[in-house]
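A.B. asks: Questions regarding the structure given below will be posed in turn.
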Amino acid sequence: MLRSLCASVLALSVGLAPALAQDGCARDAMLVMDGSASMDEKGFDLTAPTRIDDARAAMALAMPQIAPIRRVGLLVYGPGGDEGCTGISLRFAPVRDAAGPVAEEIGGLIPGGMTPLAASVEAAADVLGSRGIIVLVTDGNETCGGRPCALGRRLAEETRLTVHVIGFRVAFDPFAWNSPEAGVFTGADSVAKCLSDATGGMYVNTETVEELAEALRVTLGCDLIGMRPSLRRSG
């Protein structure tokens, strides 16, 4: 998987390099983090870490390298709402040296609720305005009736926002009961891929802590700095 990730990163780096060189680290970023109930599900091995456990470990690896070079904010979706789809929480807007605040917020996160992908990305876009980077981490598809594909088209038409999507052990359900755009993609891709496709971002499927950490470095890094010679950008 990591070898495949590296190969796809290399392919996309050619197309992204001019934009990154132009914008450098000036564009603020919003990290949109999956806190839905599925992030805390146990598998057959009850002793294995949950997705949220491994996501915390990945953040601990990646954010100290990202935070010094880009202002990052955090929005969490899933827990805390009055209903399953209303748990969309802006934890903080982009700030310098966000590694500590990100670790604190995600460290205290108790997953719950559902997966309002479109509404969460739209909320992050409202924070950034017309220019910036959104990195969406999700383990599945839209389950709250939102339309990521329609949102992606609108963001592309009305803003200069770039949305990158990191699928983390995506549980693919082409017949999601409340996802009007379910079935747009086959295989293991979340419907959120529409967002990255429309806005010129990248979509990366990850399975391990190391892959998730590297995908975070790639999407939140800037101007190709911090990229090891053995790894380039993903798509």
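The values are calculated or read from the model by the stated rules, or taken from the named source; none is laboratory data. These numbers were taken from a predicted model, which means no experiment stands behind them. Note: ideal-geometry Cβ built from the backbone for every residue, glycine included; neighbour counts use all protein chains shown. Please note that ligands, DNA and RNA were not included when accessible areas were found on the heavy atoms of the full protein model with its side chains. Shrake-Rupley method; radii C 1.70, N 1.55, O 1.52, S 1.80 Å.
A.B. asks: Hey, among 83, 104, which residue is within 22 Å of residue 213 (Cβ to Cβ) and over 17 Å from the mean Cα position of the chain (by Cα)?
C.D. replies: After ruling out the rest, the residue left standing is 104.
A.B. asks: May I pose another question? I'd like the full set of residues that are in a strand (DSSP E or B) and open to solvent by 30 Å² or more (accessible area, probe 1.4 Å), limited to region 93-110.
C.D. replies: 93, 95
A.B. asks: State yes or no: is residue 131 of a type in the set (D, E, K, R), out of contact with any helix residue (DSSP H, G or I) (no Cβ under 8 Å at 6 or more places or on another chain) and either open to solvent by 10 Å² or more (accessible area, probe 1.4 Å) or modelled with pLDDT under 95 (or both)?
C.D. replies: yes
A.B. asks: Just to check your reading of the model, which residue among 113, 145 is closer than 13 Å to residue 34 by Cβ and part of a loop (DSSP other than H, G, I, E, B)?
C.D. replies: 113 is the lone residue from the list that is closer than 13 Å to residue 34 by Cβ and part of a loop (DSSP other than H, G, I, E, B).
A.B. asks: Which residues, taken from region 208-235, are modelled with pLDDT of 95 or more and part of a loop (DSSP other than H, G, I, E, B)?
C.D. replies: 208
A.B. asks: All but one of (1) open to solvent by 30 Å² or more (accessible area, probe 1.4 Å); (2) modelled with pLDDT of 95 or more; (3) more than 18 Å from residue 164 (Cβ to Cβ); (4) aliphatic (A, V, I, L, M) hold for residue 114; which doesn't?
C.D. replies: (2)
A.B. asks: Can you tell me which condition residue 148 does not meet? The list is (1) within 14 Å of the chain's Cα centre (by Cα); (2) open to solvent by 10 Å² or more (accessible area, probe 1.4 Å); (3) within 16 Å of residue 195 (Cβ to Cβ), and all the others hold.
C.D. replies: Against the list (1) within 14 Å of the chain's Cα centre (by Cα); (2) open to solvent by 10 Å² or more (accessible area, probe 1.4 Å); (3) within 16 Å of residue 195 (Cβ to Cβ), residue 148 comes up short only on (2).
A.B. asks: Determine which member of the set 53, 126 is more than 22 Å from residue 26 (Cα to Cα) and free of Cβ contacts under 8 Å to residues at least 40 places away in the same chain.
C.D. replies: It is 53.
A.B. asks: Only one of 10, 61 is open to solvent by 60 Å² or more (accessible area, probe 1.4 Å), in a helix (DSSP H, G or I), of a type in the set (A, V, I, L, M, F, W, C) and modelled with pLDDT of 95 or more. Can you tell me which?
C.D. replies: Testing whether each residue is open to solvent by 60 Å² or more (accessible area, probe 1.4 Å), in a helix (DSSP H, G or I), of a type in the set (A, V, I, L, M, F, W, C) and modelled with pLDDT of 95 or more leaves just 61.
A.B. asks: Taking region 39-58 on its own, how many of its residues are farther than 13 Å from residue 137 by Cα and either of a type in the set (Gly, Ala, Ser) or surrounded by 24 or more Cβ atoms within 10 Å (Cβ to Cβ) (or both)?
C.D. replies: 3
A.B. asks: Among 172, 185, which is the only one that is within 24 Å of residue 49 (Cα to Cα) and at pLDDT below 95?
C.D. replies: Sole residue among the options that is within 24 Å of residue 49 (Cα to Cα) and at pLDDT below 95: 172.
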